[in-house]
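The values are calculated or read from the model by the stated rules, or taken from the named source; none is laboratory data. As the structure is a prediction and not an experimental result, all values here were calculated from the model. In this analysis, Cβ positions are derived from the backbone assuming ideal geometry, glycine residues included, and neighbour counts consider all displayed protein chains. Each accessible area value is taken on the protein alone, full model and side chains, heavy atoms only, with ligands, DNA and RNA left out. Shrake-Rupley method; radii C 1.70, N 1.55, O 1.52, S 1.80 Å.
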Amino acid sequence: GVDLKPAYYITEPEIQAATAALRSKGFVPDSPIIGFAVDASSPGRRWYRDHAIHLANALVRGGNQVVFLGDNRFANHNQPSQLGFATSVPFRQQTAILSRCHLVVAVDSALMHVAGALGVPQVILAGSFDAQLRMKHFSDCWVVQSERHCSPCQYHSNFCHIMEQEGFSNLVHSAPCM
């Protein structure tokens, strides 16, 4: 059979630069680093900011290091010293930092697919999409699928019909299934 697992390649200089960037922020690259890739191009696939910060802070209190990747809507938060942000760096640099992570908490996003291609273990937070379909070619993935009655709806836009029914005109931050 044909191997359908996606592949993504990062050069050794990119890995070295990611390690140096993490060290410059106080990270110890050989200690557990948990990446958060919880933003997406569609608000219907984003995880709520407050939920992400709450979980990240709990992980830091447990002795882990956490780095946020993707959009920089998290960067204005007061964070403990082992909670970092690589949200304003180019995509290739973010993927190199992602490759240094021991685990990634992710939503359906480009960084989730890169993590899967790199073989980085992931916890996938799924709402509008059936994550089992999106992740079927990746190993080391644990899926948390929304149990809301409307999920998964498969919408891939800034529109959620449930929010319209509940009186909201559009998605500003996250869909109710996230």
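Close amide H contacts of V67 (hydrogens built in the peptide plane, cut-off under 5 Å, sequence separation of 5 or more or a different chain): I34, G35, F36, G84. Remark: accessible surface ordering of V144, V123 (largest first) is V144, V123, probe radius 1.4 Å. Give, as a single signed number, the net charge of other residues whose beta carbon lies under 14 Å from the beta carbon of E14, with Lys and Arg counted +1 and Asp and Glu -1. Net charge around E14: +1.
Among S139, S24, S99, the order of accessible area from largest down is S24, S139, S99, computed with a 1.4 Å probe on protein heavy atoms. Taking amide H atoms as placed 1.01 Å from N in the peptide plane, the amide H of C141 lies under 5 Å from those of Q122, each 5 or more residues away in sequence or on another chain. FRET efficiency for the K5 to D30 pair, using the beta carbon distance and R₀ = 25 Å, is estimated at 0.40.
How would you classify segment 2-48 from its alpha-carbon gyration tensor, with a ≥ b ≥ c the square roots of the eigenvalues: rounded for a/c under 1.5, else prolate if a/b is greater than b/c, otherwise oblate? Oblate shape, in that a/c is at least 1.5 and b/c is the bigger or equal ratio.
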